[in-house]
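Below: the structure, in structure tokens.
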Number of protein chains: 4
Amino acid sequence: MTKKEKITQTALQLIVNQGIQETPMSQISKVSGVAMGTIYHHFKSKNEIINQIYLDVKKEFGASIMKDVDKKMEYKARFYQIWKNIFNFFYQHELMFRFSQHFGHLPIITETTRQEGLVFYEPVIDFLAEGIQLKILKNIDLQLMTETIYGNVVALTQLAHSKTLKITNTLLEQAIAISWDGVHNSKNLEQ
Amino acid sequence: MTKKEKITQTALQLIVNQGIQETPMSQISKVSGVAMGTIYHHFKSKNEIINQIYLDVKKEFGASIMKDVDKKMEYKARFYQIWKNIFNFFYQHELMFRFSQHFGHLPIITETTRQEGLVFYEPVIDFLAEGIQLKILKNIDLQLMTETIYGNVVALTQLAHSKTLKITNTLLEQAIAISWDGVHNSKNLEQ
Amino acid sequence: MTKKEKITQTALQLIVNQGIQETPMSQISKVSGVAMGTIYHHFKSKNEIINQIYLDVKKEFGASIMKDVDKKMEYKARFYQIWKNIFNFFYQHELMFRFSQHFGHLPIITETTRQEGLVFYEPVIDFLAEGIQLKILKNIDLQLMTETIYGNVVALTQLAHSKTLKITNTLLEQAIAISWDGVHNSKNLEQ
Amino acid sequence: MTKKEKITQTALQLIVNQGIQETPMSQISKVSGVAMGTIYHHFKSKNEIINQIYLDVKKEFGASIMKDVDKKMEYKARFYQIWKNIFNFFYQHELMFRFSQHFGHLPIITETTRQEGLVFYEPVIDFLAEGIQLKILKNIDLQLMTETIYGNVVALTQLAHSKTLKITNTLLEQAIAISWDGVHNSKNLEQ
DNA sequence: TATGAATGAGTCTTCATTCAT
DNA sequence: CATGAATGAAGACTCATTCAT
């Protein structure tokens, strides 16, 4: 692991558990074992570390979305698979998930960074747009649909992390069904 | 308006727009027109102000939920009305909504405060539990259902506030329909 | 007990146990049951309270010094009695003793107050001066003798208060004997 | 002189002359020429500085006690030499002396620090214990004897510093004689 | 590249004192 | 005489960032 990675990993962990303001650079230095000066050799500022983490998270997220999704699969099956991929990523990367939830909206994240991060969501957005166009999904504003489904995954993830809910296959299917029933076009006889 | 209210209102506004750490007590003092010492006469600490705001928000939220909801109404109509109530509250009280979203999860909010705040959600939870029991809603874990629907309202609210979406009656109905279609029990012939 | 006495008594107790800076006026107000404004009605400032306590202590001290001391008694007997009087006063008035020891030297005590307090020591000083003149005591600088003996009493008092030493008559006699042997004129055959 | 020494020396001087509460860290910083942050780099808190000074003082004190004291010297000669050593140390290190007198008893000094400081007194205590055992000194509680003699030195020192007394060899001898006459065992014929 | 001591502006909080009632 | 809410200046301490090595 490079020093740069040591820094971002340590920062991610500390920031998620303590908050940004409660995580001084000196602590990142001590816990990561990288000297203050060295941190500033690799990053211009504390904000830059946070922006870097933001991008790392989005990137890894983007890399997971389309796993095991094949164009040849039925639309609904792909919907389910993508939903599961996102959930699994969130579930298995708790630190990254919590980072996104709690710090992703802060003005610390620059508009540039935010723009760079958006690209990783494109496959999902395209997929949903396709569903609307094929009239498999309801003809609803694309943003609303995206955010709603995303929110559904987030809801399950939070319950999973809080351990108030044991994640079973049944439960997972039920959760996805809420999304599917919510957005798919029941008037389309083909479905 | 009492001094105490002046303090919390000013703090709410500043904190939502700038963040907690970016809002020094001196600024709250200056903007509210209440002297530093007086603030500390009414609140033990900055944290206590934030906890007070948290409770104020939850309380006002709780007071809005059941507006125009009558036991004699059909279940679905009540579902729609409650959904609208929550959305309207969020939409009209942008500061409070953003406060909840961005700061509600922080450890600054004490467990005691959090517990006190929970009570205001009870009517909704009871309403959903009733729906499940009557088999009008799917037989799904109550928490998952609650969080999911809550997330749906949040999704629309955020788009509304960001002005990327113009809120029309049609859109609102569509958004609620996503929730309803997602959770209601289509196998129940009575429905 | 008048309000004024309530204030000084409470202040004495709190200040001795916590220190001056660690005893806010608000606490004196709360513990004494006298409102802030009322305190400032009776005393111009916090310093004035402390100066008042200083004088009260010295006054009570002065009133105890010569108890049971009779001009007709032998010099040595009077020496022993005065020593005991001072010790007893210190021993029985621990708060006052500690106040004098710990705060009596501070610049908070004005020079005026200090001068006013000096008068209460005069009987002892006169008594020692008389002993020197009569050649019963060594011909030593009067101040040195006074301070030395005073220090001897203080030493025993502190051990007594700290409970590391149980005060018996024997011990007390031994302690006084140190003083007496230290300052009396052994070359004076009359003795 | 290291930065750490600059800090404690400046603090010692300011605190003795102004008091602890009257000496803000900002002043220590300005007068010592060491930045605020640097002070806190070397010391955890203002209290830690004070505890450090306490130990420094005790240490230097301990190093002076036994100067020019030789086991082969007569007991009385050693008694006089040690008394002089302590006095000289107090006299020449007025700041340290006044620090000990005025702040040494405060609860700011931790029990740990106090314990650490005790060790430097051991040589004197051992010396006095030896005198008692040899029946050269009166058979009196060791603590009482120690504190009494210590108080005698303090008395002279204070007069010396206050300049109300000019310190001559005669005076010094007289002062020590008070102690010696006070504690030595006149019934021991060997003496 | 790497180090970590040094910097000082900025923060929360305290508290003696005042004043309207 | 009595009250206690209100005031704001001042203090201890933090921490992102720099720089000499």
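The trypsin sites (Lys or Arg not before Pro) of the stretch C:129-182 that meet both conditions, a loop assignment by DSSP and at most 15 other Cβ atoms within 10 Å of the site Cβ, are C:Lys135, C:Lys163, C:Lys166.
Residue by residue, the stretch C:90-100 carries 3J(HN,Hα) couplings of 4, 5, 7, 10, 4, 4, 5, 4, 5, 4, 4 Hz when phi is fed to the Karplus relation 6.51 cos²θ - 1.76 cosθ + 1.60 (θ = phi - 60°); x denotes Gly or Pro. The C-D contact accounts for approximately 2400 Å² of buried accessible area, totalled over both chains at a 1.4 Å probe radius. Pairwise inverse Cα distances across the stretch B:1-121, averaged and inverted, put the Kirkwood hydrodynamic radius at 15.5 Å. For chain C, the longest principal axis of the alpha carbon atoms and the long axis of helix C:169-183 meet at an angle near 70°.
Among the residues of C:10-23, the average count of other protein chain beta-carbon atoms within 10 Å of the residue beta-carbon is 1. Against the main long axis of the alpha-carbon atoms of chain A, helix A:122-133 sits at an angle near 20°. Each principal axis of the Cα cloud of the protein assembly as shown was evaluated for its coordinate range; sorted largest first, these ranges are 133, 62, 42 Å. Sparse packing (at most 10 other Cβ atoms within 10 Å of the Cβ) combined with a DSSP loop state is found for the following trypsin sites (Lys or Arg not before Pro) in the stretch A:1-66: A:Lys44.
Helix A:142-162 against the longest principal axis of chain A: what's the angle in degrees, Cα atoms only, rounded to the nearest 10? Approximately 60 degrees, to the nearest ten.
The residues of the protein assembly as shown have, on average, 51 Å² of accessible surface per residue, using a 1.4 Å probe with all protein chains present.
Comparing each chain alone with all protein chains together (probe 1.4 Å, DNA, RNA and ligands left out), the residues of the stretch D:133-166 losing at least 30 Å² of accessible area are D:Lys138, D:Ile140, D:Asp141, D:Gln143, D:Leu144, D:Glu147, D:Thr148, D:Asn152, D:Ala155, D:Leu159, D:Leu165.
Going 7 Å from the Cα of C:His161 toward and past its Cβ, which residues in the stretch C:69-109 have a backbone nitrogen under 16 Å from where you end up? Label zone hits: C:86-106.
If you take each beta carbon of peptide A:171-179 and count the beta carbons of other chains within 10 angstrom, what is the mean?
If you average over the peptide's residues, the count of other-chain Cβ atoms is 4.
Longest exposed-loop-site-free stretch of chain C, with GluC sites (Glu not before Pro), DSSP loop and at most 14 other Cβ within 10 Å? It runs C:75-189. Taking 25 Å as the limit for the C-alpha separation, the pairs C:Lys138/D:Lys76; C:Lys138/D:Lys138; A:Lys30/D:Lys44; C:Lys44/D:Lys46; C:Lys138/D:Lys59 exceed it in the case of C:Lys44/D:Lys46; C:Lys138/D:Lys59.
Amide H to amide H, with H built 1.01 Å from N, D:Leu137 comes under 5 Å of D:Ile132, D:Asn185, counting only residues 5 or more places away or on other chains. Its relative contact order, with pairs defined as Cα atoms under 8 Å and 6+ residues apart, puts the stretch D:1-43 at 44 percent.
Per-residue ellipticity at 222 nm, computed for chain A from helices alone with -39500 (n - 2.57) per DSSP H run of at least four residues, works out to -22500 deg cm²/dmol. Take each residue in B:99-106, count the other chain C-beta atoms within 10 Å of its C-beta, and the mean is 2.
Once the C-beta distance of A:Lys3 and A:Ala63 is scaled by a Förster radius of 22 Å, the resulting FRET efficiency is 0.40 to the nearest 0.05.
Per-atom-type breakdown for the protein assembly as shown gives carbon and sulfur 51% of the accessible area (1.4 Å probe, protein chains only).
The values are calculated or read from the model by the stated rules, or taken from the named source; none is laboratory data. The model shown is predicted, which means the values in this text are computed figures rather than measured ones. For neighbour counting, all protein chains shown are included, and Cβ atoms are generated from backbone atoms with ideal geometry for every residue, glycine included. Keep in mind that these areas ignore ligands, DNA and RNA; they rest on the heavy atoms of the full protein, side chains included. Shrake-Rupley method; radii C 1.70, N 1.55, O 1.52, S 1.80 Å.
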